[in-house]
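Single-structure report; data block below.
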Amino acid sequence: MCYHFDMAVNMETTTTTKGQVVIPSSVRRRLGIKPGTRIQVEVDENTSQIILTPITREYIKSMAGKYRGLPLLEDLMRERKLDREREDHKFDNIGIKSKKTK
């Protein structure tokens, strides 16, 4: 379930020394965020934006079946292999022997 406000709402908050951010109460009420609600944090590096998505029952229901039939494990394994190869290549370029794993 996506949450859309009827109009753009710009609010400002500050971070604490621990990096915590307060979500305004009006936003928490509107999105059903209660104490203990888990929040998904997504970073859009192209726009330098942080996207916070409350993981509510509605959100979980909306995700049900979304990835059915997709070869997620195979994709993950392929990505991990490419990451290892890039790391090995990086170490080889600076003259450090890396542990080669299969």
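Bear in mind that the values in this text are calculations on the coordinates, not laboratory data. No experiment lies behind these values; they were computed from the predicted model shown. Please note: Cβ atoms are built from the backbone with ideal geometry, for glycine as well, and neighbour counts cover all protein chains shown.
By the count of neighbouring beta-carbon atoms within 10 Å, fewest first, T56, T16, T37 end up ordered T16, T37, T56.
In terms of the Cα gyration tensor, with a ≥ b ≥ c the square roots of its eigenvalues, is region 14-61 rounded because a/c is under 1.5, prolate because a/b exceeds b/c, or oblate?
Because a/c hits 1.5 or more and a/b fails to exceed b/c, region 14-61 counts as oblate.
Extension gain for the segment A64 to R30, taken as residue separation times 0.36 nm less the Cα-Cα distance, is 10.0 nm to one decimal. Per-residue packing, averaged as other Cβ atoms within 10 Å, sorts the ranges 24-31, 72-79 into the order 24-31, 72-79, beginning with the highest.
The calculated FRET efficiency for S48 paired with T14, based on their beta-carbon distance and R0 = 30 Å, is about 0.95.
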